[in-house]
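Working notes, beginning with the structure itself.
The values are calculated or read from the model by the stated rules, or taken from the named source; none is laboratory data. Everything quoted here is computed from the prediction, not taken from an experiment. Here the Cβ is made from the backbone with ideal geometry for all residues, glycine too, and neighbour counts use every protein chain on show.
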Amino acid sequence: MKVAVLGAGAIGAYVGAALHRGGTEVHLIARRAHLAAMRERGVRVLSPRGDFTAHPHVTDDPAEVGEVDFVFLGLKANSYATCGDLLAPLLGPETAIVAAQNGIPWWYFHGLKGHPLEGQRVETVDPGGSVTAALELHRAIGCVVYCSTVIEEPGVIRHLEGTRFSLGEPGGEISARCKVLSASMIAGGLKAPVEADLRNDIWIKLMGNVAFNPLSALTRATMAQMCEHEDTRELVATMMTETMAIARAAGADPRISVEKRIDGAWRVGHHKTSMLQDLEAGKPLEIDAIIGAVVELAGLTGVPAPALRYVHAAVSLLDHTSKVPVGSH
């Protein structure tokens, strides 16, 4: 099996190193200092489960790699629409694209058989069909990441917790391609269950992201700080309750209580969310897939979501003003 990791950052390089350790042919596509370090010394993984180093092929040119069986997308969802040129050399007739993204995927209503919104495009994450044009729906395999990693230094990945990467077809079938990918990930030391309805996993993870990510960017607070502040914890619970109602209206049935989800976040401790890390690094915020699409689905399904709408408005303004020089209009 041949796998390309497009966007071999913290998660992508970790998955690529694990797959390579398990015997899969892996090609990491990266940039700049991280690319140079991995070429020279391999991918060094520091993990409470045991440190290891892997030496997959590393390049910045997908044309060197050619057609693969799977492309693992380690890019942020807001980069999907513009990655077509990088993807093209990797795609053969049967190549699957494994989208390890946060939030609502562009394929959400594809294959949702019997739902009134089956086939509906989620405009927030697929504006004008631009993502579908780059990432064809028949290639999509969903992936929900329950894993935390950071780039400690170029070529060095610090694995903090979690090894689960839930996989699933948009149509819900337990496909041969998902089974093959799952087996390869398990051989590399990861957990990779194939789910009959991955949408439930999407919403369980999203319940946390939709609240904690934007609120952390607005307040600069860690996970523990938001959970321990009484008024903020109440706002988090309200946003999660609204999200659960939207999930059910959008064809899923996540089985977890709001309090259990909050307590799980509190146990993470003084961790900065990815959105807060992006804000501090001056990067664009991943707002559309994490909260914007949820607000859009609230409108499509007729579910009231005032708390989500207000927080979305505030964090969208923050994203805008963080890009505008002081004194500009």
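Worth a mention:
- Screening Gly128 on (1) assigned to a helix (DSSP H, G or I); (2) within 18 Å of the chain's Cα centre (by Cα); (3) without any contact (Cβ under 8 Å) to a residue 40 or more places away in the chain shows it passes everything except condition (2).
- When segment 168-188 is filtered for residues that are touching a strand residue (DSSP E or B) at 6+ places or on another chain (Cβ under 7 Å), of a type outside the set (Lys, Arg) and farther than 15 Å from His138 by Cα, the ones remaining, listed by number, are Leu181, Ser182, Met185.
- Note on segment 15-32: residues that are more than 14 Å from the chain's Cα centre (by Cα) and either closer than 17 Å to Glu152 by Cα or assigned to a helix (DSSP H, G or I) (or both) total 9.
- Condition met for Pro116 (part of a loop (DSSP other than H, G, I, E, B), under 22 Å from Lys179 (Cβ atoms) and assigned by TED's automatic domain parsing to the domain that holds Val180): no
- Looking at Thr149, Thr219, just one residue is free of Cβ contacts under 8 Å to residues at least 40 places away in the same chain and among the hydroxyl-bearing types (Ser, Thr, Tyr), and that residue is Thr219.
- Val303 being outside any loop (DSSP other than H, G, I, E, B) and farther than 11 Å from Gly208 by Cα: no
- Among the residues here, Phe52 does not qualify as in the same structural domain as Arg158 (by TED's automatic domain parsing), in contact with a strand residue (DSSP E or B) (Cβ under 6 Å, 6 or more places away or on another chain) and either in contact (Cβ under 8 Å) with a residue 40 or more places away in the chain or under 29 Å from His138 (Cβ atoms) (or both).
- Under the condition of being hydrophobic (A, V, I, L, M, F, W, C), more than 25 Å from Met1 (Cα to Cα) and over 22 Å from the mean Cα position of the chain (by Cα), the residues counted in segment 38-63 number 0.
- For segment 146-162, filtering for residues that are within 24 Å of Ala37 (Cα to Cα) and under 17 Å from the mean Cα position of the chain (by Cα) leaves 8.
- Here the condition is being of a type in the set (A, V, I, L, M, F, W, C), touching a helix residue (DSSP H, G or I) at 6+ places or on another chain (Cβ under 7 Å) and at pLDDT below 95; of Val144, Val150, Val125, it holds for Val150 alone.
- For the condition crowded, with 18+ Cβ neighbours inside 10 Å and either touching a residue at least 24 places away in the same chain (Cβ under 8 Å) or under 27 Å from Pro48 (Cβ atoms) (or both), Pro170 qualifies.
- Residues (touching a His at 6+ places or on another chain (Cβ under 7 Å) and β-branched (Val, Ile, Thr)) located in segment 118-156: Thr149, Ile151
Here is a yes/no grid of residues against (1) surrounded by 19 or more Cβ atoms within 10 Å (Cβ to Cβ); (2) out of contact with any helix residue (DSSP H, G or I) (no Cβ under 7 Å at 6 or more places or on another chain):
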residue: Tyr14; (1), (2): yes, yes
residue: Ala17; (1), (2): yes, yes
residue: His20; (1), (2): yes, yes
residue: Ile29; (1), (2): yes, no
residue: Arg41; (1), (2): no, yes
residue: Leu46; (1), (2): no, yes
residue: Arg49; (1), (2): no, yes
residue: Ala54; (1), (2): yes, no
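- Selection status of Lys76, under 20 Å from Val295 (Cα atoms), out of contact with any strand residue (DSSP E or B) (no Cβ under 6 Å at 6 or more places or on another chain) and charged (D, E, K, R): yes
- Residue match in segment 277-292 (condition: surrounded by 15 or more Cβ atoms within 10 Å (Cβ to Cβ) and more than 16 Å from Asn213 (Cβ to Cβ)): no
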